[in-house]
Amino acid sequence: MKVLAAYKVESEQVVADVRVVQREDQFLNEYEVEYPHLNPATRAVLEKLKERIIESVDLKVSDLVSKSEDEAIRRTFQKKAKELLKREFSDATKDEESFLAGRLLQEMLGLGDLELMLADPQLEEVIVNSAKENVWVYHRKFGWLKSNIRIPTEEQVQNYSEIIGRKVGRQITTLNPLMDANLLSGNRVNAVLLPISSKGNSIVIRKFRADPWTIVNLLDPNVKTLTPEVAALLWLCVQYEMNIIVGGGTGSGKTSFLNAILLFTPPNQRIVSIEDTRELVLPDFLHWTPMVTRQPNTEGKGEITMLDLMVNSLRMRPDRIVLGETRRQREAEVLFEAMHTGHSVFSTFHAEDVFQLKNRLIHPPVNIPELLLSAINMVVIQYRQRRTGFRRVFEIAEFIEEEDKVSTNVLYRWNPQRDELEKVGESIKLYNTLSLYTGMTPKEIQAEIRDRTRVLEYLLKHGIMSVNDVGRVVAEYYKDKHRLLKIVDENQPPQALLEARLETEIESLPAHPAVTAPEKPKEPKVTKESIRKKLKAILGEK
């Protein structure tokens with residue numbers, strides 16, 4: 001046996017050792033989670049404690065829908081669990097109490113052993129195919145691995161699915177055996193029950209980073225998704241409301257890339273996003289209304305589709321409309337209608353390259369008129385290398401209208417031999433459109449791209465990568481470009497961005513004299529004579 005990696009993970013104060021191992025008698029590498037197991041006597045006591053905790057804590061299903069309420073409930077459960085554990089295990093140490101309390105929380109409010117896997121930042125997917133086989137995981141470095149964890153029964157797998165559904169206000173039953181939902185942590189969940197999933201009850205959990213990817217993360221040499229110059233061009237296109245479609249295969253990072261470039265949105269513009277499940281995370285200060293679809297209830301009523309939300313969003317005065325994924329003809333028609341009515345539109349679409357994206361859009365089932373494609377200003381194609389798991393921007397292209405047809409013009413393409421995104425063509429339409437919207441000449445556009453490239457390289461150099469921090473620097477660029485470039489050129493520490501802005505704002509405040517509230521006017525005294533006068537005025541008497 002060869003150990004490929006070893007580290008620790010922690011969930012609810014339960015610490016586990018994780019190992020990725022390679023065995024000669026196995027075709028696949030394995031993912032092992034090791035933590036202290038409970039003996040039968042301890043397990044029996046904990047089962048009794050569960051009942052007592054449930055009886056002593058007043059819990060409603062509605063309390064679990066909100067993340068803040070969920071955290072409050074967890075704290076209450078943990079406090080009560082520790083009180084009962086002190087009585088039953090008086091000789092236990094604090095660490096042992098914490099461990100037992102954590103196990104109780106994982107089993108009562110969480111997904112049991114799966115919680116330890118969900119706490120591992122190296123995992124992208126956690127998959128339960130059935131109770132008959134071990135849980136599978138997708139590791140960022142080692143790809144698919146078979147774990148040593150197994151859910152004991154199909155009933156338990158279904159119970160976990162129902163727990164997930166209750167927390168987000170959704171149902172999964174034998175009548176409605178499919179569920180697409182999000183955990184309160186943001187992780188996406190798809191569950192399928194027997195007999196639809198003929199092998200057994202299934203759960204697929206796609207994990208999302210606690211701090212979503214930003215454009216600076218994608219520029220990191222260890223990630224290398226794109227170059228600063230191309231990122232700067234995208235920044236310019238997003239600012240001046242170009243319509244952008246992000247394509248790619250499954251798991252290629254389409255949504256992550258879309259989320260990263262949306263941080264370039266000016267803070268004085270309104271964004272409306274539409275998704276099946278919430279995945280986008282934007283800075284707190286942006287004017288953003290996120291909306292999600294809703295499945296029908298058991299009677300087949302109450303469904304809110306993506307098309308419903310698309311049509312409704314046009315009445316919400318958005319500057320930008322973001323569609324999580326374009327799948328069907330009616331969605332595409334409304335999307336292009338939004339483009340032609342002056343809205344800036346962003347969306348993702350399943351396609352391996354720009355030619356496939358074009359063909360899928362103009363042929364069934366989407367089947368939109370080819371000439372409508374000219375409304376798309378830029379197409380970005382994402383690529384995931386299956387063997388190594390890395391993700392790259394594969395192509396950046398534009399659509400060119402030629403008489404009654406639309407052709408593709410590829411501007412950048414990834415070179416797999418050199419692992420670089422290279423320029424392969426000159427823009428025919430994009431720069432003209434930018435000039436039209438901005439009034440800048442091609443030289444001025446290039447100078448603007450160089451300025452933004454410097455800012456992005458500064459952010460990368462100083463490790464400014466969080467959603468809010470990157471968003472605030474972009475907003476600062478729009479507010480006071482020259483001041484920001486001065487900080488960048490002088491390589492001042494990042495704190496200068498906030499400190500200098502605070503000083504500037506304080507100095508610019510006008511000196512106002514002390515202002516006192518105006519005196520409240522006195523109410524006129526009511527008398528018989530004043531009432532008589534009012535009546536005469538109303539009746540028109542002299």
If we keep just the residues of the stretch 73-95 that are of a type in the set (V, I, T) and part of a helix (DSSP H, G or I), which is farthest from L109 (Cα to Cα)?
T76
Give the stretch 283-296 a look and list any residue that's outside any strand (DSSP E or B) and either in contact (Cβ under 8 Å) with a residue 12 or more places away in the chain or touching a helix residue (DSSP H, G or I) at 6+ places or on another chain (Cβ under 9 Å) (or both), or say none.
P283, D284, F285, L286, T293, Q295
Could you run through the stretch 171-199 and say how many residues are in a loop (DSSP other than H, G, I, E, B) and over 20 Å from M108 (Cβ atoms)?
14
Take L323 and decide whether it is surrounded by 14 or more Cβ atoms within 10 Å (Cβ to Cβ), out of contact with any Asp or Glu (no Cβ under 9 Å at 6 or more places or on another chain), within 20 Å of I261 (Cα to Cα) and not basic (K, R).
no
Are any of the residues in the stretch 177-187 surrounded by fewer than 19 Cβ atoms within 10 Å (Cβ to Cβ), at pLDDT below 90 and touching a Pro at 6+ places or on another chain (Cβ under 9 Å)?
yes
When only residues in the stretch 414-445 that are part of a loop (DSSP other than H, G, I, E, B) and touching a strand residue (DSSP E or B) at 6+ places or on another chain (Cβ under 9 Å) count, which is surrounded by the fewest Cβ atoms within 10 Å (Cβ to Cβ)?
E426
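On the basis of being of a type in the set (V, I, T), out of contact with any helix residue (DSSP H, G or I) (no Cβ under 7 Å at 6 or more places or on another chain) and in contact (Cβ under 8 Å) with a residue 12 or more places away in the chain, does T227 make the cut? Break it down stepwise before answering.
Details: of a type in the set (V, I, T): yes; out of contact with any helix residue (DSSP H, G or I) (no Cβ under 7 Å at 6 or more places or on another chain): yes; in contact (Cβ under 8 Å) with a residue 12 or more places away in the chain: yes.
Considered against the rule, which asks whether it is of a type in the set (V, I, T), out of contact with any helix residue (DSSP H, G or I) (no Cβ under 7 Å at 6 or more places or on another chain) and in contact (Cβ under 8 Å) with a residue 12 or more places away in the chain, T227 comes out as yes.
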Return yes or no: is E88 assigned by TED's automatic domain parsing to the domain that holds L46, under 27 Å from E32 (Cα atoms) and either in contact with a helix residue (DSSP H, G or I) (Cβ under 8 Å, 6 or more places away or on another chain) or at pLDDT below 90 (or both)?
no
Only one of L498, L485 is modelled with pLDDT of 90 or more, out of contact with any Phe, Trp or Tyr (no Cβ under 6 Å at 6 or more places or on another chain), within 30 Å of D220 (Cα to Cα) and among the hydrophobic types (A, V, I, L, M, F, W, C); which?
L485
Which one of the conditions (1) over 20 Å from R278 (Cα atoms); (2) without any contact (Cβ under 8 Å) to a residue 40 or more places away in the chain; (3) surrounded by 20 or more Cβ atoms within 10 Å (Cβ to Cβ) does L335 fail to meet, given that it meets all the rest?
(1)
Scan the stretch 285-309 for residues that are modelled with pLDDT under 90 and either under 21 Å from D469 (Cβ atoms) or under 19 Å from the mean Cα position of the chain (by Cα) (or both) and report the count.
4
Of the residues in the stretch 113-153 that are in a strand (DSSP E or B) and of a type in the set (V, I, T), the one that is surrounded by the fewest Cβ atoms within 10 Å (Cβ to Cβ) is I127
Could you list, in sequence order, all residues of the stretch 91-117 that are modelled with pLDDT of 85 or more and under 14 Å from E10 (Cα atoms)?
G112, D113, L114, E115, L116, M117
Within the stretch 385-406, restricting to residues that are modelled with pLDDT of 90 or more and more than 20 Å from H340 (Cβ to Cβ), the one that is nearest to the chain's Cα centre (by Cα) is R391
Being at pLDDT 90 or above, over 30 Å from E490 (Cα atoms) and of a type in the set (D, E, K, R), is that true of even one residue in the stretch 424-440?
yes
Give the residues of the stretch 363-391 that are surrounded by fewer than 22 Cβ atoms within 10 Å (Cβ to Cβ) and part of a strand (DSSP E or B), sorted by residue number.
Y383, R384
Matching residues in the stretch 1-22 - criterion: being at pLDDT below 90 and either part of a loop (DSSP other than H, G, I, E, B) or more than 30 Å from A81 (Cβ to Cβ) (or both):
M1, E12, Q13
Answer yes if at least one residue in the stretch 327-335 is in contact with a strand residue (DSSP E or B) (Cβ under 8 Å, 6 or more places away or on another chain) and within 21 Å of Y240 (Cα to Cα), and no otherwise.
yes
Show the residue pairs meeting these rules: Cβ distance below 9 Å; 6+ apart or different chains; first residue within the stretch 459-482 and farther than 16 Å from V223 by Cβ and assigned to a loop (DSSP other than H, G, I, E, B); second residue β-branched (V, I, T) and at pLDDT below 90.
D480/T504
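The values are calculated or read from the model by the stated rules, or taken from the named source; none is laboratory data. Treat the numbers as computed from the prediction; the structure is a model and nothing was measured. A quick note on method: Cβ atoms are made from the backbone with ideal geometry, for glycine too, and the neighbour counts reach across all protein chains shown.
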